[in-house]
Amino acid sequence: MNVLAVDTCLEPGSLALISEDVPSSGDGCAAGEPEVVALPPGWRSGALHEEIRQLLARHGLTTANIDLYAVTTGPGAFTGVRLGLTAVKGLAEVHDKPIIPVSTLEALASSAVYPSRDRKGAGTGNNPRGEATSGPDQEPTTESLVTRHSSLVTVFAPVLDARRGQIFGAVYATEGPSGEGADFHALIPDSVCSLRSFLNQVKAAGLTTETLKFCVTDEALLLPAIEEFGWTADSLVRVSPQLAGTVARMAAARFRQGKGIGALAADANYVRASDAELFWKES
C-alpha cells in the first residue's frame with residue numbers, strides 16, 4: 001500500500017510517503033517507513049504539486065499509484081489548511097481513492113506519543129536536500145512521550161500559536177489500540193482562545209503533572225505561563241513541526257480499521273473563522 005500524507009497547516013509544511021511495496025534503498029525510505037520532505041519556505045500551490053511529483057518520482061510512482069491520501073485539516077493558517085486539503089481532495093477524487101483527515105492538534109499529540117524516526121528525503125527550494133529536520137532550536141523529540149512516566153501519562157494537551165494573542169489547543173486522552181492507530185478522546189475539543197483561558201480549562205479538569213503533558217513545537221509559547229498555573233518545564237513534550245510522517249503512519253493504521261472516507265466528505269477544521277468572515281461587514 002502506498003500512502004501520501006500532506007501537512008500544510010504548520011509552516012512551512014511537509015510531505016510524507018509510505019511505500020510498503022518498494023524495497024529499501026540508499027536513496028529512498030525502507031518499505032513501510034515514511035520518507036518525509038519539508039516544503040520550501042514561501043511555497044505556493046504549484047510548488048506543492050511539484051514537490052509531490054518529485055517525491056513520488058524518486059520511488060517510481062505517480063499519483064495514480066497512491067492507495068490512500070492523508071491530510072491535516074486544521075487548525076492552522078487558513079491559507080495553508082485550504083491549499084493542502086484542496087490538493088489532496090482533488091487528487092483523491094481524480095483517482096477515486098480514500099482520504100484519512102487528521103486534526104493538526106491530534107497529529108501533534110500523536111507525534112509526542114510516538115516520536116518520529118522517519119527517513120529524510122531530497123527536496124528543492126532553499127533547503128536543497130529537503131531534510132525534514134529543524135535547527136538547534138527546533139529539535140524534534142527523540143524518545144517516547146515520557147519514557148520516564150509512560151505508565152502514567154495518558155492525557156495530552158497539544159498547543160499551537162494562533163496569533164492575535166490566542167492559541168489553538170485541545171486535550172486528548174488516549175484510548176483504543178496501541179500504536180499510531182490509537183484514537184484520542186477529546187476531553188477539551190479543538191478550540192481557539194487565550195492561553196490563560198485554555199490553561200484555566202485544563203486546570204479545572206483536575207489534570208496533574210503525572211498524567212498530563214503539553215505538546216508543543218516551541219516551548220516559548222507556554223513558558224512561563226504554565227509555571228504560573230503550577231506546572232513545570234517537565235510538563236512539556238517538544239515535537240518537530242514536520243507532522244507529515246506521523247500523519248502518514250496514523251492514516252495507514254486507521255485505514256486498516258476501515259476509517260477511510262471519500263474525497264467529498266473531507267472537510268476543513270478551521271476552528272477560527274477566516275479574516276474575511278471576521279472582518280466582513282454589510283455595506
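Could you go through segment 145-152 and let me know if any residue there is over 15 Å from the mean Cα position of the chain (by Cα), over 30 Å from residue 38 (Cβ atoms) and modelled with pLDDT of 85 or more. No, because not a single residue in segment 145-152 is over 15 Å from the mean Cα position of the chain (by Cα), over 30 Å from residue 38 (Cβ atoms) and modelled with pLDDT of 85 or more.
Looking only at segment 250-273, decide whether some residue is free of Cβ contacts under 8 Å to residues at least 24 places away in the same chain and within 18 Å of the chain's Cα centre (by Cα). Checked against the condition, which is being free of Cβ contacts under 8 Å to residues at least 24 places away in the same chain and within 18 Å of the chain's Cα centre (by Cα), segment 250-273 yields no hits at all. One residue alone among 31, 57 is surrounded by fewer than 16 Cβ atoms within 10 Å (Cβ to Cβ), more than 24 Å from residue 262 (Cα to Cα) and modelled with pLDDT of 95 or more, and that residue is 57. Note on segment 70-99: among residues that are in a helix (DSSP H, G or I) and touching a Lys or Arg at 6+ places or on another chain (Cβ under 9 Å), the one that is modelled with the highest pLDDT is 91.
The values are calculated or read from the model by the stated rules, or taken from the named source; none is laboratory data. Worth saying up front: this structure is predicted, and the values here are computed from it rather than measured. Positions of Cβ are backbone-derived with ideal geometry, glycine not excepted, and every protein chain shown enters the neighbour counts.
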